[in-house]
Amino acid sequence: MDHTSVSAMLHALQDPAGLPAPAWLFQYLNVLTWAFHIAFVNLALGTALLAIIAFMRRHQPGWAQLSVAMTGVAKVAVSMAIVLGVAPLLFTQTIYDPSWYTSNVLSAFWVIFFIFSLGIGYTLWFVFYFKNHDVTHATEAKDTTVWWATAALCILVFDGFIMHVLSYQGLFPQKWMQWYAPQGIPVMNGMGIHAFELPRFAFFMVMSLTMTGVFLLGYARYFRARTDVSADYLDLAHRIGVKTTYWGVALQLVSGALWAYGLPSAMHVFAQPLFWLTALLIVGVALYARQMPVRSSAPQAYAAMAFYALLALIVSVDREALRVAYLAPFHYDLASKPHFEWGAVVWFFATFVGVGGSLIAFYSTMLWKAGKVKGLYTADRTVSRLGDTAVWVNFTWLAVFFAIGVWAYVRNIAA
Amino acid sequence: MSELLGIYPTWYVPQIGTAWVMGIIGTIHVLASNTSVGAAILFALLESRSVRENKPEIMQYIKKYGMFLLVFSYIWGSVTGPGIWYSVTVASPRGISALIHNFVWVWATEWVFFTVEVIGVYALVYTIGKIDPKTHLKITWTFVVSSVATLVLIVGILSFMMWPGSDRWYLTGSVFDAFYNLNFAAQLADRGFLMLTSAAVVGSIIVAAIPKGDPLRKDVGQTVAKLGLTGLIGGALAFMWYVATLPPNALVILKDRLPHWFGYIDFRVTTFIPLAVTSLLIGAYLLWVYLKPQTLRVPLAVGMVAILLIAGIWPEERTRESLRKPWVAGQYMYSNQIIGRDVPGLGIQDEVPIIAKDGLLKTAAFVPADLRVITPQNQLEAGRLLAVMACANCHSINRDGPLRPLPQLLHGTTDVAMIQGFLAGPLAHGSVPYMPKIDLPGNEQSALATFLAAVNAGTVDAEGHLIARAPAATPQRTAVAQAAAAQTIKTKD
């Protein structure tokens, strides 16, 4: 297909209802929320791998405890990765609807496979968790227990590959028709995997090691406050954190370079400041981790995680910049049909900041403080007030929701 | 050059069709998510009582149910939640796109609560006995409101899928008019009550796991049973309200499904009796849990959950999906992805006249160049593509497919002219209330009719492959066959 035809096709595929807010707003939210998502994907995969390795070394001091801890972290991280994946999925569909829907339909079988395999993979991880969640009996577990975790991790990585394929295929609208009807006859079984880029996929996967490394640095620091957690164990966690970060960074540099070399020359990727900023950040994470002492201060330890967060955000920006570059020849206009509705925008942001903010503040402060205490934690004044505020804000939101509802419902019925 | 319509490629699933793929994922999700919201309310009631009456043992039930919920609802519920999106994306991409572009901010708002809910459930379960009871109760109440918020937000979208209920939204295009539609409050009440029942039936498994003789069995079991019975009775009443808010096309379909005393609908039973029997069975079970909590056993409770899923939620969800026919969103987009009316508020244009003038093959974005013009050589392939694009969302094309199979609905006729007569008559004029108005030009009607007749004759399969066999059976040109074809085709599930 020539560029003009592709451009016309993309324009026709954009939803006729248009965008209820400026396209840049969705683009920013997409980048931001994808960074949240990939952080937990990385945490889930990285801690899962570490849980398996630690399980296999469980007879050495500290490793059994590490395996149990990482098994629990991965369990929660998968949940968070799923829920945080909803937002970028939503915003992608809003502004890149032609790419996302076409790519999904062309590989529909794998889309459905993704759903069931993700459920099965996560269930297998829970099985491993139930067999490996008690530190006191961790060393007694059978060797074969690890297969539950290994199968789960393989499935989750393959699910990551499916997501990669779905995103990547959407970048090539000029090939969609050829993929759909290779000999002029539509192939509608959705079995095809039409395009992938292994270095790109590998880059996102090995970033899991970087994330897990900096997470361990924070983890080791956090539990210093607990007298019932041995210092030797936390020193071990710190050392593994530094080592894992090195591995993650090294592999990210290799896979990132291969990815960049494979990009179309017209993109002039090596002349882009974003490319060098990303490379600098990746190296920066390793250098920062290297200079951290084993018993570092809290700001030092948690700054490593902040470093990763910045890296994830920049990688998310890179990803969006690439998408814009891939679609640029077809003059894809994100904002071709605006119909702004600011009331709904205010509604979302009020909920995001008000409800989300108050609840996350309550949960995180309470969990943070409770985790540092052995035995029963009694809320201090701050946590107590945060809790009251969260409950109050939550119920107020419901009241406002129904108040708007009565107004709109009556208006609708009167029409 | 013809106008290009944004119709996506098609994913074709032989036999069960894409509708059942969505239905299976949706049913699992409804059980998991309904249970989660209902359980949140149950937790709040029980925990408030635990704090008020100083009964810490009640918290052990909540902890066990919470752990169960993590696996039951927060693996499969949270996977099948986005899973519904994914399955609808591949089965009905334009339908989900229409919803996304109208409700993106509602879904984004729901995502905030969804995130809070996931953090909340972990916080709730893992801090039992580790933080003071008053603070824990605050976690539980925030978890309840977040769970309820996810329910109220999704119901606005689901009810809009049925219809806006007035002309106002078509003129304003406002999300508030779409969201707070006529069907919203009734569907919210119905789902709200029934999720209490879901939570009670699933929660009875945990009651059954409490050791026999433990007074907690009776204490918690009776609360669980009362909640479930309240949900069942409230749900039945709310369902009558729900029916009163349905559009006319849905009421026509309901004629096949509800008894005459249920409002103004004729006596036909295809869904009502199974649902009524299931409701009575679950009601009797919950009553028994209330009266004899000590006799409850885990296998029986698990069996009741299976009955709820297979004989309750599955037919209920399938009926609700069927009632929307022929529309998939807001009574402006048909199930087959074609826009069927103007929405001036959003500048959306009815595509039926465009297709009637230029044809589906010339206007749809994803049609191979060779098939845009029908020739004697490509007629069967063009007919197959038309059948998949225009019909397969609601019908099996296979002769023995379970989803309203076209060959059976056409009474197996191999008479091309008769099929074309139906296409040019009731279908083109949109006079079958639960079918889209599919007004194709003559050459496309002919290609579609030729393909369908060939499938009926067994010379071509639903995938378009020629089948080498003896000459086709004699076409049914009898008066009986013609009269049967002229009759309004009954919907089937």
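The values are calculated or read from the model by the stated rules, or taken from the named source; none is laboratory data. Remember, predicted model here, so these are calculated numbers, not experimental data. Positions of Cβ are backbone-derived with ideal geometry, glycine not excepted, and every protein chain shown enters the neighbour counts.
For the reader, a short list of remarks on this structure follows.
- Considering (1) within 7 Å of another protein chain (Cβ to nearest Cβ); (2) farther than 25 Å from B:F114 by Cβ; (3) among the hydrophobic types (A, V, I, L, M, F, W, C); (4) surrounded by 14 or more Cβ atoms within 10 Å (Cβ to Cβ), the lone condition that A:A335 does not fulfil carries the number (1).
The rows are residues; the columns are (1) over 30 Å from A:H3 (Cα atoms); (2) of a type in the set (D, E); (3) buried (at least 20 other Cβ atoms within 10 Å of the Cβ).
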residue: A:V146; (1), (2), (3): yes, no, yes
residue: A:L166; (1), (2), (3): no, no, yes
residue: A:G184; (1), (2), (3): no, no, no
residue: A:P199; (1), (2), (3): no, no, no
residue: A:T210; (1), (2), (3): yes, no, yes
residue: A:A231; (1), (2), (3): yes, no, no
residue: A:L253; (1), (2), (3): yes, no, no
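- Residue match in segment B:59-77 (condition: more than 8 Å from chain A (Cβ to nearest Cβ), closer than 30 Å to A:V345 by Cβ and either modelled with pLDDT under 95 or touching a Pro at 6+ places or on another chain (Cβ under 6 Å) (or both)): yes
- Given (1) in contact with a Ser or Thr (Cβ under 6 Å, 6 or more places away or on another chain); (2) more than 14 Å from chain A (Cβ to nearest Cβ); (3) in contact (Cβ under 8 Å) with a residue 12 or more places away in the chain, index of the condition B:I438 fails: (1)
- Test: residue in segment A:32-39 that is at the interface with another protein chain (Cβ under 10 Å from one of its Cβ atoms), surrounded by 24 or more Cβ atoms within 10 Å (Cβ to Cβ) and assigned to a helix (DSSP H, G or I): no
- When segment A:103-132 is filtered for residues that are under 15 Å from A:A44 (Cβ atoms), of a type outside the set (F, W, Y) and within 9 Å of chain B (Cβ to nearest Cβ), the ones remaining, listed by number, are A:L118, A:G119, A:T123.
- Only a single item in (1) within 14 Å of chain A (Cβ to nearest Cβ); (2) over 23 Å from the mean Cα position of the chain (by Cα) is not met by B:G340, and it is number (2).
Condition check ((1) closer than 23 Å to A:Q178 by Cβ; (2) at the interface with chain A (Cβ under 8 Å from one of its Cβ atoms); (3) touching a strand residue (DSSP E or B) at 6+ places or on another chain (Cβ under 7 Å)) across all residues:
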| site | (1), (2), (3) |
| --- | --- |
| B:E351 | no, no, yes |
| B:A356 | no, no, no |
| B:A364 | yes, no, yes |
| B:L371 | yes, yes, no |
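- All of B:S97, B:S92, B:S87 fail the test of being within 12 Å of chain A (Cβ to nearest Cβ), touching an Asp or Glu at 6+ places or on another chain (Cβ under 9 Å) and polar (S, T, N, Q), apart from B:S97.
- Residue within segment B:397-412 that is more than 14 Å from chain A (Cβ to nearest Cβ) and closer than 17 Å to B:D439 by Cα present: no
- Per this entry, B:I205 is counted among residues that are more than 7 Å from every other protein chain (Cβ to nearest Cβ) and modelled with pLDDT of 95 or more.
- So A:F55, is it within 14 Å of another protein chain (Cβ to nearest Cβ) and either outside any helix (DSSP H, G or I) or in contact (Cβ under 8 Å) with a residue 40 or more places away in the chain (or both): no
- Identity of the residue in segment B:122-164, within 28 Å of B:L182 (Cα to Cα) and not in a helix (DSSP H, G or I), that ends up nearest to the other protein chains (Cβ to nearest Cβ): B:P164
- Residues being hydrophobic (A, V, I, L, M, F, W, C) and either away from chain B (no Cβ under 14 Å) or not in a helix (DSSP H, G or I) (or both) - total across segment A:149-168: 7
- Pair list, Cβ under 6 Å, 6 or more apart: segment A:169-187 residue more than 11 Å from chain B (Cβ to nearest Cβ) and farther than 16 Å from B:A382 by Cβ, other residue in a loop (DSSP other than H, G, I, E, B) and at pLDDT below 95: A:Q174/A:M1
- Only one of the numbered conditions (1) of a type in the set (D, E); (2) buried (at least 16 other Cβ atoms within 10 Å of the Cβ); (3) closer than 30 Å to A:R221 by Cα is violated by A:D318, and that is (3).
- In segment A:313-415, counting only helices (runs of 4 or more DSSP H) that sit wholly within it, the ones holding 1 or more residues that are touching a Gly at 6+ places or on another chain (Cβ under 8 Å), more than 30 Å from A:H268 (Cα to Cα) and free of Cβ contacts under 8 Å to residues at least 40 places away in the same chain span A:357-371, A:381-414.
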